[in-house]
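Asks: Starting off with a structure, shown below.
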Amino acid sequence: MTQRRLSPLDKLLARADNALRTLTPGTIQAERTPAHASPAPDAPDAGSLPTDQRRHVLGLMRINHTGEVCAQALYQGQASTASLPHIRHAMEESAREEEDHLAWCEERIQELGGVPSKLNPLFYAMSYAVGATAGLIGDRWSLGFVTETENQVVKHLESHLYQVPESDLRTRAILEQMKTDELKHAVTAKDAGGADLPPPVRHAMTLMSKVMTFTTYRI
């Protein structure tokens, strides 16, 4: 049985569907098997955190949620312009794995009494454009971009784990599993032939990340 080739319109509609699902609360569900489901349910909740701690953890999880929105856009953008089929497939597979993180973060935000950042559509569009550009430059550079992005995400997660109260086991369980997954993605992209990005590019990515974290913590 032959597999139907997708037309440009089919691909466009698929990208639009992914964007709507990513940006609409409640539409993304974690798809891992029960053995790898959300790490949070088995961790006891912290109960009623003090108001200032709850507000801070909520801000951190909003940052992480927006980061996963950006990851979806980056991978979809890269997949749309990747020249090699196996690279395109790898990008799409990574995006599916990141959906679990998106669902976990959204769930924890709701538990803490908050809502995702209102700036998510803006950051999705920006990240998609960056991902598509990276794919156009070449697959080695696209993979290198994934490696650097995931390494920076790991550093963010380590910083957040340092700030989250020890008693908040639910949040900490989610962040620990996300850190493990992101590190795996970074190593996979590097081993697949990802190039080392020039320092100016890495610095620009760090600056954009700082803008994202500063704004989404508050909005």
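The numbers here are math on the coordinates, done by the rules we state, and not lab data. Worth saying up front: this structure is predicted, and the values here are computed from it rather than measured. Using ideal geometry, Cβ is built from the backbone for each residue, glycine included, and neighbour counts are taken over all protein chains shown.
Asks: Work through the residues other than W141 whose Cβ is under 11 Å from its Cβ and net out their charges, Lys, Arg +1 and Asp, Glu -1.
Replies: Details: positive: R140; negative: D139, E148, D196.
Within the 11 Å Cβ shell, the charges total -2.
Asks: Which lysines does K210 reach when only Cα atoms under 18 Å apart count, and residues fewer than 8 places away in its own chain are ignored?
Replies: Once the sequence-local lysines are set aside, what remains near K210 is K118, K155.
Asks: Another question, then. Note down the net charge around L119, summing +1 for each Lys or Arg and -1 for each Asp or Glu among other residues with Cβ under 13 Å from its Cβ. Please list the in-between numbers first.
Replies: Details: positive: R62, K118, R218; negative: none.
Summing Lys and Arg as +1 and Asp and Glu as -1 gives +3.
Asks: Can you tell me which of 98-107, 200-209 comes out highest on packing, and rank the rest after it, using the mean Cβ neighbours within 10 Å? Working shown, then result.
Replies: On the way: 98-107: 23.2, 200-209: 13.6.
Highest to lowest by the protection proxy: 98-107, 200-209.
Asks: Lys and Arg at +1, Asp and Glu at -1: add these up for the other residues within a Cβ distance under 14 Å of Y162 and post the number. Don't jump to the answer; show the numbers that get you there.
Replies: Working: positive: K155, R172, K179; negative: E158, E166, D168, E176.
Surrounding charge for Y162 is -1.
Asks: List the GluC sites (Glu not before Pro) in the range 111-219 that DSSP assigns to loop (not H, G, I, E or B) and whose Cβ has at most 16 other Cβ atoms within 10 Å. Which are they? Display every interim value, and only then the final one.
Replies: Values: sites: E111, E148, E150, E158, E166, E176, E182; in loops: E166.
Within the range 111-219, the qualifying GluC sites (Glu not before Pro) (loop, at most 16 other Cβ atoms within 10 Å) are E166.
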